[in-house]
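Everything below concerns the one structure shown next.
The values are calculated or read from the model by the stated rules, or taken from the named source; none is laboratory data. Bear in mind the structure is a predicted one, so any value in this text is a computation, not a measurement. All Cβ positions, even for glycine, are placed from backbone atoms using ideal geometry, and neighbour counts span all protein chains on display.
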Amino acid sequence: MGETPMEDVIEIEQLLARYALGMTKDDVEAVMAVFTPDGSYSAFGDTYHLADFPALVAAAPKGVFLAGPPVLELDGDSGTGQQPLCFVEHKTHDMRIGWYTDSYRRTANGWRLHTRAMTFIRRSGDRDSGRRHDPNRPLPSS
């Protein structure tokens, strides 16, 4: 791990756990709280900014977000990381699997996600950022 302070690693792990639990509980405020004010989430061929999160979370399928420990590369007050995800939809138990690619910023309120991008692993083995034509997914406002 080199010289990365363990306090920073633990704080970011807790931040990412709050994201997964917020998504699992359908708690958009908890999800928004883990991002910087200028943060964004990318999937389905689009990038969504914080103002879009209420509509994005409302349209997202409901279920449990199971995220593994992240691999982090921190440098002072910023960093990057990747985290595996297994999402299980609550009605059918269908799964979506893949990983997040993140950037982090240390703020006055502690570490926050700055960007989060999802890469899905398909049954075919293909890896992509999602399908643009998902009819339930809102378009970004900007």
Q. Can you tell which of V34, V71, V57 is hydrophobic (A, V, I, L, M, F, W, C), exposed (fewer than 14 other Cβ atoms within 10 Å of the Cβ) and either out of contact with any Gly (no Cβ under 6 Å at 6 or more places or on another chain) or farther than 19 Å from L139 by Cβ (or both)?
A. V71
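Considering only residues that are crowded, with 17+ Cβ neighbours inside 10 Å and over 15 Å from A20 (Cα atoms), look in segment 74-96 and name the one that is farthest from the chain's Cα centre (by Cα).
Here the answer is L74.
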**Q.** Contacts under 9 angstrom Cβ, first residue in segment 1-16 being modelled with pLDDT of 95 or more and in a helix (DSSP H, G or I), partner exposed (fewer than 11 other Cβ atoms within 10 Å of the Cβ) and of a type in the set (D, E, K, R), 6 or more apart
**A.** none
(Q) Can you find, within segment 14-29, the residue that is surrounded by the fewest Cβ atoms within 10 Å (Cβ to Cβ) among those that are more than 12 Å from the chain's Cα centre (by Cα) and under 21 Å from N109 (Cα atoms)? (A) E29
Q. Any idea which of (1) surrounded by 16 or more Cβ atoms within 10 Å (Cβ to Cβ); (2) of a type in the set (D, E, K, R); (3) under 29 Å from D126 (Cβ atoms) is the one R105 doesn't satisfy?
A. (3)
Q: Tell me which residues, restricted to segment 34-50, are at pLDDT 95 or above and more than 14 Å from the chain's Cα centre (by Cα).
A: P37, D38
Q: Find the residue count for segment 21-72, including only residues that are in a strand (DSSP E or B) and without any contact (Cβ under 8 Å) to a residue 40 or more places away in the chain.
A: 3
Q | Members of segment 79-130 found to be touching a Pro at 6+ places or on another chain (Cβ under 7 Å) and within 18 Å of T4 (Cβ to Cβ), listed by number | A | G81, Q82, Q83
Q: Could you list all residues from segment 84-142 that are aromatic (F, W, Y) and at pLDDT below 90?
A: F120
(Q) Give all pairs with beta carbons closer than 6 Å in which a residue from segment 104-121 that is over 20 Å from V9 (Cβ atoms) meets a residue that is of a type in the set (V, I, T) and surrounded by fewer than 19 Cβ atoms within 10 Å (Cβ to Cβ); count only pairs at least 6 apart in sequence or on separate chains. (A) A117/T101; I121/I97
